[in-house]
Amino acid sequence: MTTRRLVLSRGAALVGAASTGLLLPEIARAQSGKIRVGLMLPYTGTFAQLGVAIENGVRMAINEKGGKLGGREIEWFKVDDESEPSKGVENASKLVQRDKVDVLIGTVHSGVQMGIQKVARESGVLNLIPNAGIHAATRALCAPNVFRTSFTNSQPTLALGKPMMDRGLKKAVWITWKYAAGNEAFEGFKESYTKAGGTIVKELGLPFPNVEFQALLTEIAALKPDAVACFFAGGGAAKFIRDYAAAGLKDKIPLWGSGFLTEGVLQAAGPAAEGIMTTMHYSDSLDTPRNREFRTAYATTFKLQPDVYAVQGYDTGLLLALGMAAVKGDIGNKAALYRALETQTIDSPRGKWTMSKAHNPIQDIYLRRVEHGENKVIGIAAKALSDSGAGCRMA
Ligand code: PHB
């Protein structure tokens, strides 16, 4: 790997400089030479595809801006975080302490993000979150150097309850992986659905990333709710959709969810996904020049259809490129950099969005339906939705 070679050559350069009495302070590196960008993402496990889509998006946005950041070339560093929370701090430290990255982009899994959050708060390194929705990152544990380009876990589901009730679905079962992302998605669902007059008849769950759904599907069949609402994502979502149909529930009990359920999995899920209704801050079929241009370019470059994760990665690359351009590559000028990151309007394939005070996107949430293997927009379920940012005090 380049990392090892790099560390050695940097070491050699320092020895050389020391012997000539020209040992430069760290700060000099922060303003010139290559910018060190760390990617901490899942490249294995149920979220592997999400990590790849995010990296593709980041690279695509930066390449569109000339392949540099504020005029500086990029040195990339990568860590596979395996969506393993117990290794979160260790993996983030590898990038920050060992590789001395200037910016850490990561990650997908909310539990792993807690490790990154700790390292980012302690080291002050710039962290851009391209997915993980854990509330604390932009609420009680918010930080001046942490910016999220994706969503909070309750943002999509805060728009889910009303359209279900509008369709007369008055009793629902909720099902999810029992970890931060699923639990917080439930908070949004519970608030929106009960406020609209709905009743949650049962909450079901299984540990992440378990995909043994059978017993739970049998229970759903016995409960006979008007609808099922859920949070699943990645490989596990594809399996849940297929198992739901195979259990004979697809045409009896409508399946709803936060839109991750049908992101990046429509080919794998096949006809079992048709008709699923979701709420999400992106949709394949958004009929805007920006989205069409993005989708064509992404498909041409990567021979893959983009999904919400690719969009979030793309917006992360865009935000970083705009911020770095504003400070002309001087990432050490933190006050100016953070101000630039806070005040951008991101012209995203999802639609334009801005940063909340707590550093989370203020964005539209779309209502979508899977039709012919595509997430079709039905309408806007929530306009310019902002997370509460409760408890956020920027230091
Ligand atoms: C999360 O753990 O925060 C998470 C993971 C995958 C998603 C959404 C949220 O699609």
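The values are calculated or read from the model by the stated rules, or taken from the named source; none is laboratory data. Note that the structure is a prediction, hence the values are computed from the model and not measured. Here Cβ is always computed from backbone atoms with ideal geometry, including for glycine, and neighbour counts include all displayed protein chains. Just so you know, the surface numbers come from the protein's heavy atoms only, side chains and all, with ligands and any DNA or RNA stripped out. Shrake-Rupley method; radii C 1.70, N 1.55, O 1.52, S 1.80 Å.
Considering only the range 194-201, I want to know if a residue exists there that is closer than 18 Å to F260 by Cβ, open to solvent by less than 40 Å² (accessible area, probe 1.4 Å) and either more than 14 Å from the ligand (Cβ to nearest atom) or at pLDDT 95 or above (or both). The answer is no, given that none of the residues of the range 194-201 is closer than 18 Å to F260 by Cβ, open to solvent by less than 40 Å² (accessible area, probe 1.4 Å) and either more than 14 Å from the ligand (Cβ to nearest atom) or at pLDDT 95 or above (or both).
Criterion applied to I220, I200 was being part of a strand (DSSP E or B), more than 17 Å from G133 (Cα to Cα) and touching a residue at least 24 places away in the same chain (Cβ under 8 Å), and the one residue passing it is I200. Could you list, in sequence order, the residues of the range 138-185 that are farther than 19 Å from A382 by Cα, open to solvent by less than 10 Å² (accessible area, probe 1.4 Å) and in contact with a Ser or Thr (Cβ under 8 Å, 6 or more places away or on another chain)? Residues satisfying the conditions are T138, V146, R148, A172, A181, G182.
Does V211 count as modelled with pLDDT of 95 or more and within 16 Å of the ligand (Cβ to nearest atom)? So V211 fits the description; yes. Each residue in the range 214-224 was checked for being under 13 Å from W174 (Cβ atoms) and either open to solvent by 40 Å² or more (accessible area, probe 1.4 Å) or within 16 Å of the ligand (Cβ to nearest atom) (or both), and 2 pass.
Where strands (runs of 3 or more DSSP E) fall wholly inside the range 66-179, the ranges with 1 or more residues that are of a type outside the set (A, V, I, L, M) are 74-80, 126-129, 146-148, 171-177. Using the structure shown, decide if S110 is assigned by TED's automatic domain parsing to the domain that holds R72 and under 30 Å from A215 (Cβ atoms). The answer is yes for S110. Of everything listed in (1) under 29 Å from I380 (Cβ atoms); (2) among the hydroxyl-bearing types (S, T, Y); (3) not in a loop (DSSP other than H, G, I, E, B), the single unmet condition for T301 is (1). Number of residues in the range 44-88 that are of a type in the set (D, E, K, R), surrounded by 19 or more Cβ atoms within 10 Å (Cβ to Cβ) and in contact (Cβ under 8 Å) with a residue 60 or more places away in the chain: the value is 3.
Candidates are the residues of the range 225-252 that are part of a loop (DSSP other than H, G, I, E, B), away from the ligand (no atom under 12 Å from the Cβ) and touching a residue at least 40 places away in the same chain (Cβ under 8 Å); the one that is most open to solvent (accessible area, probe 1.4 Å) is D226. Scanning the range 295-344 for residues that are hydroxyl-bearing (S, T, Y) and surrounded by fewer than 21 Cβ atoms within 10 Å (Cβ to Cβ) yields T296, T300, T301, Y338, T343.
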